[in-house]
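The values are calculated or read from the model by the stated rules, or taken from the named source; none is laboratory data. All values reported here derive from a predicted model rather than from experimental measurement. Cβ coordinates were reconstructed from backbone atoms using ideal geometry, including for glycine residues, and neighbour counts include every protein chain displayed. Please note that ligands, DNA and RNA were not included when accessible areas were found on the heavy atoms of the full protein model with its side chains. Shrake-Rupley method; radii C 1.70, N 1.55, O 1.52, S 1.80 Å.
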Amino acid sequence: MFDAKKWRGLVEGATCPMCAGADSGLFLADLPSSRIILQNDGDFPGYCILQYKRHVTELHELSREERAQWVEDVAAVATAVQNVCEPYKINYAVLGNLVPHLHCHVIPRRPDDGCWGQPIWARPAGSERRLTADEYFELRERLRSVLKSGVS
Ligand SMILES: [Zn+2]
């Protein structure tokens, strides 16, 4: 059930989990506009979330320059994911009706990923597969290396 008071706290940032660093254990890199989180997702290895560095809820709240930098950062992450994970397609999702802090999901997709042709949120709850600690560490290091090299 929708809780208007809780929602107001999220929108205003007072109770925003992204501002609180809830995903800091999954930190991948900092780019000029965004903090990059690498999800531990064995079904979609390389799935990243760009979290805008300050609390804003909507893309239109950014200046033209900020938006341009954000798109550059989304493209930099997508390039790294493409080079390291070699997906068939990269999906981009900017939602925010659960956590209203501007963020973008960058999701590598493969025909055998379990929900090809659908958004990843169609995946049955509880069926998610995690990477091993070694797999996650290796993937994170490879993505960091490509991001640092500035391949674009
Ligand atoms: Zn926030």
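General remarks:
- For Lys5, the lysines whose Cα falls under 27 Å of its own Cα, not counting residues fewer than eight places away in the same chain, are Lys53.
- The range 1-74: C-alpha gyration tensor shape, a/c 1.5 cut-off, then a/b vs b/c: oblate
- Gyration tensor verdict on the range 34-152 (Cα atoms; rounded if a/c is under 1.5, prolate if a/b is larger than b/c, oblate otherwise): oblate
- Inter-part distance, the range 6-52 to the range 91-142, computed on C-alpha centroids, equals 13 Å.
- Of Ile120, Ile49, Ile36, the residue with the greatest mean-square motion in the GNM of the chain, using alpha carbon springs below 10 Å, is Ile120.
- Accessible area per residue in Å² at 1.4 Å probe, computed on the chain: 58
- Total formal charge among the other residues, if their Cβ is under 11 angstrom from that of Ser34, Lys/Arg +1 and Asp/Glu -1: -1
- Helix runs (DSSP H) in the chain reaching 15 Å along axis by Cα, Kyte-Doolittle at least -0.5: 64-85
- Residue-count net charge about Lys53 - beta-carbon cut-off 15 Å; Lys, Arg +1, Asp, Glu -1: -4
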